[in-house]
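Trainee: Please see the structure below; I have some questions.
The values are calculated or read from the model by the stated rules, or taken from the named source; none is laboratory data. Quick caveat: nothing in here was measured; it's all calculated off a predicted structure. We place every Cβ from the backbone using ideal geometry, glycine too, and count neighbours over all the protein chains shown. Surface accessibility is based on the protein's heavy atoms, side chains included, excluding ligands, DNA and RNA. Shrake-Rupley method; radii C 1.70, N 1.55, O 1.52, S 1.80 Å.
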Amino acid sequence: MPKDGGIGASTLRREDIRFLTGKGRYTADINLRGQAFACFLRSEVAHGRIRSIDTSAAEEMPGVLAVMTGEDFTEVGGNPTGWLVQSRDGATMKEPKRPVLAHGKVRHVGDAYALVVAETYEQAKDACEAIEADIEELPAIVDMAAAVADTTNRVHDECDDNVVFDWGWIEENRAAVDAAFETAPHVTTLELVNNRLSPNAMEPRASIGDFDSGTGDYKLYTTSQNPHLTRLLISAFVMGIPENKLTVIAPDVGGGFGSKIYHYGEEAAVLAASKRLDRPVKWVCDRSEAFLSDAHGRDHVTKIQLATDMEGNFLAVRTETLANMGAYLSNFATCTPTFLHGTLMAGPYKTPHVYVNVKAVMTNTVPVDAYRGAGRPEATYSLERVIDKAADELGIDPWEIRRKNFIDPDQFPYTTPVGLVYDTGNYHATMDKLRELSDVAGFEARATESAAKGKLRGFGLSTWIEACGIAPSNLVGVLGCRVGLYDAATIRVNATGNISVLVGAHSHGQGHETVFAQLIAEKLGVDAKSVEIVHGDTSKIPFGMGTYGSRSLAVCGSAMMKAADKIIDKGKKIAAHMLEAAEGDIEFNDGSFSVAGTDRQKSFAEIAFSAYVPHNYPLETLEPGLEETAFYDPANFTYPAGAYGCEVEVDPETGGVDIVRFTCADDFGNVINPMIVAGQVHGGVAQGIGQALLEGVVYNEDGQLLTGSYMDYAMPRADDVPNFTVDHSCVTPCTHNPLGAKGCGEAGAIGTPPAVVNAVIDALHRAGHRHITHIDMPLTPSRVWTAMHG
Amino acid sequence: MHDFELVKPASVAEAVAALGAEGAQALSGGQTLLPSMKQRLAAPERLVSLGDIAEMKGVCLGDRGLAVGGATPHAVVAREAKAHYPALAWLAGEIGDPSVRARGTIGGSLANNDPAACYPAAALGSGATIVTDRREIAADAFFQGLFTTALEEGEIITSVHFPIPEKAAYMKFAQPASRFALVGVFVAKFADGVRVAITGAGEDGVFRWTEAEAALGADFRPEAVEGLALSAGGMLGDMHGAPAYRANLVKVLTRRAVAAA
Amino acid sequence: MKVTMTVNGKAMSAETEGRTLLSSFLREGLGLTGTHVGCDTTQCGACTVHVDGQPVKSCTVLAQDVAGRSVTTIEGMANKDGSLSVIQQAFQDHHGLQCGFCTPGMVMISAALLSEKPNPTEEEVRHYLKGNICRCTGYHNIVKAVMAASGADSQKLAAE
Ligand SMILES: Cc1cc2nc3c(=O)[nH]c(=O)nc-3n(C[C@H](O)[C@H](O)[C@H](O)COP(=O)(O)OP(=O)(O)OC[C@H]3O[C@@H](n4cnc5c(N)ncnc54)[C@H](O)[C@@H]3O)c2cc1C
Ligand code: FES
Ligand code: FES
């Protein structure tokens, strides 16, 4: 039994109380004295040259305080990309500029090119309508293949062929991979699209810029998953405000899923406007605006090939992908289809030869960046789909073909042909668990029941692995990352023994305030209720790289453990002095410091008190106070993995797909709070179901967004998803972080889409539609019906 | 949204008078009008709220069938029409979600005549009479194309009279995002014939599928529509379904509606 | 203009423009920021409140159109002594929220369901909640919470 409030307990979330009573404090809830409101004017054309912008009428409108355009930002820098990827030929990628407001050209529908600040939001919006812009419409570049083929029409002049890079992973292995294909007894080929998604955190983005002309300090309240990174980007690249003059505060944040990792131009714009007006300036994004301006996710067009022998042993994998970057390079955009995708193309399998080629393409669409899973769902989907197709072609059971190619438990640490070293795992175990939980034996009976209702039942399997807990800074540095990816924590033990933990990770649904307190409570042997987690304010927290890539626990949690070790070390010194014993004889157990082999002890609170009221204290050798900071830079990624099973019913008359069972067996390493882990999986699975069946961003050939609201972009609703069976009892602890934790935030979004699609294809095959080998996501009723009857 | 003046008349006569002003528009549940004003797609200068007009609310059984007040919310119809006209009540209870049903009204829905709306199928499929402040309009003459009706400027739907069929059912296949009808089929069997009204599918909005009416009039069984060919010509097509797909749904849902009736 | 209504049992008023929506009236006029705005097409339900006991999407109701009526928001849902009401407590007990943004709307719509139908089936819960979007939870634990609040045996409700 885990201790109440400690590691392994499903402690209820303390943050829930404020959210359940309407006391959460999200950016849009904050109102500063004297604030004005900003509204952005966004391009209605996908591609156009700005001939002139006449703001004079707008400036005369009631309540208008300022109108700004791209001209006002020519002196400041631009929003950079965080990763510089190298092309196959060794050339460094192209990095087209991304200004705060569009200047010279607009490059996608929704590209902001002017900003009005007024006394009220409606006045600002009214005035936006009065801005007269003369924009010469240029042909829109929407389709990636066309963008690559026609280089006379360019999104950016700096990117002369619309291709940012042409990446080969690992280029040196290419010849060997091709050779393996030459001689392979069987090759399965699949062309597929990983559909573009809109992240749709339910809280729309919002920012408030607050410049203090008395001190010259800037404050930015913003919907961010990583306030320190935002501060760094604004300071070092965009506006040149020194970091010690800029505070970024991300208060309660209503979900992120990647879309709030990045720095957006609106953040810089409200800071600049606040300085100009010497008043706080607030901007709250509408949902329609969010569809046009929040970074999208996925959008790969891929050809994957799997070479096997006739028994289904994998010999080689080869992929070619066009990855859509959209109109500008968002902060992580170049890393997602490369280092978060290519490096995962081995999956949990011992395929000896793997080669991945990715071309990143600019188009006149909203920028694309990491969305829950980021690159790993794309890799997993390609691989798990082609494996099912190969199994079908070879007449091998989908469970069997996977099992025979798994890396075996005794092969760890395992070096993959795509550059990763998996530290630990047991893929057979999660697969066995899945088989047990998904009642394979009962399937035929359920299929018969479905048939009686006129429905086709199918089962789909997928396995997944991801590299998360990103990441070792030296490794990502070699790969082109411009920042480090450690995290930091400060533990401040206050004089009366309660504890503030200042963490770099940001919580926007993950429950850090509860889970991190559990960790500290267990480690320091104190009551979790006396531990307070502080996050989201750069003026309070030493540093941090934020929350994404399932990294909070593995990286920031580890930093906390290191800081706690320092606290214990110092506590031992204090205790040794107080107890008049040698430091080496002091033991720390369950919240008290004692002299080994005696009953002489000091409680944690007594030690803390003495550190702050150092009357009886080794002042000659030790500073007063009890506060320690640690930075943790992981030695490797972590590699959670799992197996998912999906059962569907297809209505052959309408093409409608119902998910009737969904089962997950995951290995997340050690689990701190099982309730929260299950919740993370549920959410990820629902997003995976969304991608597989419902969601997809659609542009027409003019670059107009056809899915610009919930009227056309289908979000998973309560009646679209079933109850889920989730299990995380298979545990192979991570070998290189102090918690043995691997990360669970993205699992569902990674493992789910192929399981769903495999299930639908299976249902169709069982019903005799053997010619259908693939349907592109989302598998809407109309697409499924058309595949069957078209 | 742009600013406007709101007036809240207490009677139909006052409402009609208030609607006489330049730029005035009726506001009922607001579940269509307010979103379009928020998007600045509509900018009336004066809104005439129908919400306080008691004579426009409620459901009651009369000699001309079921009378539903023009400002009656969907939730009320779902509850109060159940005993008299279950298919109509069921349709009302499947519109949007509980919050939308608490506000949105039958008059607003019919006046708006969204090609994917549900009520037009019930009105046309029942052969309802739309009663306004100045006249009565047969459903067959009321719907005149996408978002277009026989209503004149400032004319208000005060009630709708539904003849009650022997049997009826509505089948809705939801558009996955909006949950409006991708296709909806209302089938009603009267002593003197069958009416089949289709929403969501037609390029010109709601329409009657006369071949199916004839076939079902002769033989009111699902099999009766089996042999009918429904052309994809004239069907709506968009990312949620091509014309051929919608044509298929019309047939499948018609069969299912007959089976459920 | 001045608009007055009863909010969470107390008469409250604020000066507003005629075009003010109920959601803005509550958030900006009265400072009750628990009611959230997650979309502009009346689809997400984050703004759900009760007007005279009925659920409505407050982003699609004019404040002045409900002047004089009785409005309940998330801020009025706790018990008199400040403790969580049965529904709120069930959301915490079953981890029915993550980022908390959809939560006020979810609690309000669930309360409306349970007053309309005290013992709903799981399917009825999912159907009733379909106008409220949650991006975090996958709905599993929300449904579980609502069922538990209705008195159903939560152990039997849903697979873990
Ligand atoms: C999330 C959501 C989901 C929905 N789902 C569905 C669905 O599944 N099926 C469906 O059918 N509908 C659906 N709707 C639309 C809903 O039914 C609306 O309530 C309805 O279309 C309009 O009714 P209203 O009373 O809200 O009208 P309003 O929005 O007030 O008005 C709409 C139009 O009708 C005019 N008008 C209003 N009342 C009258 C009257 N009595 N006489 C003359 N003109 C009048 C107005 O001037 C305006 O032009 C949905 C709406 C939303 C927001
Ligand atoms: S904010 Fe009201 S429904 Fe989305
Ligand atoms: S808890 Fe985040 S949207 Fe529901």
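Trainee: Using a cut-off of under 20 Å, list every residue of region A:563-585 whose amide N is near the label point 7 Å from the Cα of residue A:598 along the Cα-to-beta-carbon line.
Mentor: A:569-585
Trainee: I've got another one for you. From the Cα gyration tensor of chain A, with a ≥ b ≥ c the square roots of its eigenvalues, which class applies: rounded if a/c is under 1.5, or else prolate if a/b is larger than b/c, or else oblate?
Mentor: Since a/c reaches 1.5 but b/c is at least a/b, the shape of chain A is classed as oblate.
Trainee: Convert each backbone phi in region A:631-639 into a coupling constant with the Karplus relation 6.51 cos²θ - 1.76 cosθ + 1.60 (shift: θ = phi - 60°), then list the ³J(HN,Hα) values in order as whole Hz, x for Gly and Pro.
Mentor: Taking θ as phi minus 60°, the curve returns 10, 10, 10, x, 7, 7, 5, 9, 10 Hz for region A:631-639.
Trainee: Given chain A, what percent of its DSSP beta bridges are antiparallel, to the nearest 5?
Mentor: The antiparallel proportion sits near 80 percent.
Trainee: Convert 37 °C to kelvin, take the viscosity as 0.692 mPa s, use the Kirkwood radius over C-alpha pairs of region C:49-146 as Rh, and evaluate the Stokes-Einstein diffusion coefficient in µm²/s, rounded to a whole number.
Mentor: Roughly 235 µm²/s, to the nearest whole number.
Trainee: Given a cut-off of 24 Å, what percent of all Cα-Cα pairs of chain B lie beyond it?
Mentor: 45 percent
Trainee: Per residue, how much accessible surface does region C:2-76 expose to a 1.4 Å probe? Answer in Å², no decimals.
Mentor: 29 Å²
Trainee: What residues have an amide H closer than 5 Å to that of residue B:117, excluding those fewer than 5 places away on the same chain, when H is modeled at 1.01 Å from N in the peptide plane?
Mentor: For residue B:117, the qualifying residues are B:200.
Trainee: Ranked from the most accessible area to the least, with a 1.4 Å probe and all protein chains present, what is the order of A:353, A:789, A:263?
Mentor: In descending accessible area the options line up as A:789, A:353, A:263.
Trainee: Over what distance in Å are the Cα centres of region B:159-218 and region B:1-61 separated?
Mentor: Using only Cα atoms, the two centres lie 29 Å from each other.
Trainee: Taking chain C as a whole, which cysteines find no other cysteine Cβ under 4.7 angstrom from their Cβ?
Mentor: C:99, C:136
Trainee: I would also like to ask the following. Label 7 Å along Cα→Cβ of residue C:17; region A:98-134 residues with amide nitrogen under 14 Å?
Mentor: A:117-130
Trainee: Rounded to the nearest 10 Å², what accessible area does residue A:296 have for a 1.4 Å probe in the complete protein model?
Mentor: Probe radius 1.4 Å; accessible area of residue A:296 about 0 Å².
Trainee: Follow-up. Given springs between every Cα pair under 10 Å in a Gaussian network model of chain C, which of C:81, C:93, C:52 has the largest fluctuation?
Mentor: Top of the fluctuation ranking is C:81.
Trainee: Enumerate the calculated ³J(HN,Hα) couplings along region A:466-482 in order (Karplus 6.51 cos²θ - 1.76 cosθ + 1.60, θ = phi - 60°), each rounded to whole Hz, writing x wherever the residue is Gly or Pro.
Mentor: Those phi angles translate into 9, 9, 9, x, 5, 5, x, 5, 5, 5, 5, x, 4, 7, x, 6, 8 Hz.
Trainee: OK, next. In the neighborhood of residue A:631, defined by Cβ-to-Cβ distances under 12 Å, what is the net charge if each Lys or Arg adds +1 and each Asp or Glu adds -1?
Mentor: My count for the surroundings of residue A:631 gives -1.
Trainee: Please give the direction-averaged projected area of the C-alpha convex hull for region B:167-260, in square nanometres with one decimal.
Mentor: So the Cα hull casts an average projection of 5.5 nm².
Trainee: Could you tell me the distance between the Cα centroids of region A:103-146 and region A:210-286, to the nearest Å?
Mentor: Answer, in whole Å: 22.
Trainee: Using modelled amide H (1.01 Å from N, peptide plane; none on Pro or chain starts), what sits under 5 Å from the amide H of residue B:42, excluding residues fewer than 5 places away?
Mentor: B:37
Trainee: Can you list residues whose amide H is under 5 Å from residue A:66's amide H, if they're 5+ apart or on another chain and H is modeled 1.01 Å from N?
Mentor: A:117
Trainee: Next question. Accessible area drop of at least 50 Å² (1.4 Å probe, protein heavy atoms): which residues of region B:92-109 qualify, relative to the chain alone?
Mentor: Residues meeting the cut-off: B:97, B:98, B:99, B:103.
Trainee: Could you work out what % of the accessible surface of region C:86-151 is carbon and sulfur, using a 1.4 angstrom probe and leaving DNA, RNA and ligands out of the count?
Mentor: Within region C:86-151, the accessible surface is 50 percent carbon and sulfur.
Trainee: Accessible area, 1.4 Å probe, largest first: how do A:138, A:190 sort?
Mentor: Largest accessible area first, the residues go A:138, A:190.
Trainee: Reported to two decimal places, what Rg/Rh ratio describes region B:68-220 when computed on Cα atoms with Rh from the Kirkwood expression?
Mentor: 0.94
Trainee: What are the ³J(HN,Hα) values, in whole Hz, obtained from phi via the Karplus relation 6.51 cos²θ - 1.76 cosθ + 1.60 with θ = phi - 60°, for each residue of region A:524-538 in sequence order, with x given for Gly and Pro?
Mentor: With coefficients 6.51, -1.76 and 1.60, one gets 9, x, 10, 6, 4, 5, 8, 10, 10, 9, 10, 8, x, 9, 5 Hz.
Trainee: Radius of gyration and Dmax for region A:34-149's Cα atoms, expressed in Å?
Mentor: So, for region A:34-149, Rg and Dmax equal 17.1, 57 Å respectively.
Trainee: Something else: Express the accessible area of chain A per residue in Å², computed with a 1.4 Å probe while the remaining protein chains stay in the model.
Mentor: 32 Å²
Trainee: Counting only Cα atoms, I'd like the Rg/Rh figure for region A:710-790, Kirkwood definition for Rh.
Mentor: 1.11
Trainee: Which is the longest part of chain A that has none of the GluC sites (Glu not before Pro) sitting in a DSSP loop with at most 16 other Cβ atoms within 10 Å?
Mentor: Value returned for the longest uninterrupted segment is A:312-579.
Trainee: From the square roots a ≥ b ≥ c of the eigenvalues of the alpha-carbon gyration tensor of region A:450-494, which class results: rounded (a/c under 1.5), prolate (a/b over b/c), or oblate?
Mentor: oblate
Trainee: Further question on the same structure: Given a 1.4 angstrom probe, I'd like the percentage of the accessible area of region B:167-260 that is carbon and sulfur, rounded to a whole number.
Mentor: Looking at region B:167-260 in its full context, I get 53 percent from C and S.
Trainee: Still on this structure, please answer the following. Tell me the angle of helix B:243-260 to the major Cα principal axis of chain B, expressed in degrees between 0 and 90 and rounded to the nearest ten.
Mentor: 80 degrees
Trainee: Could I ask something else about it? Based on DSSP H runs of at least 4 residues, each adding -39500 (n - 2.57), what is the mean residue ellipticity at 222 nm of the protein assembly as shown after dividing by all its residues, to the nearest 500 deg cm²/dmol?
Mentor: Calculated from helices alone, the mean residue ellipticity at 222 nm is -8000 deg cm²/dmol.
Trainee: Which three lengths, in whole Å and largest first, does region C:2-76 cover when its Cα atoms are put on their principal axes?
Mentor: Sorted largest first, the three principal extents are 28, 24, 19 Å.
Trainee: Relative to the longest principal Cα axis of chain C, at what angle does helix C:103-116 sit, 0 to 90 degrees, rounded to 10?
Mentor: The angle comes out near 80 degrees.
Trainee: Follow-up question, since we're still on this one. Rounded to the nearest 10 Å², what accessible area does residue A:651 have for a 1.4 Å probe in the complete protein model?
Mentor: Its accessible surface works out to 20 Å², give or take rounding.
Trainee: So how exposed is residue A:770, as accessible area in Å² (1.4 Å probe, rounded to 10)?
Mentor: 130 Å²
Trainee: On the protein heavy atoms, probe 1.4 angstrom, tell me the percent of accessible surface of chain A carried by carbon and sulfur.
Mentor: Answer for chain A is 49 percent, counting heavy atoms of protein chains only.
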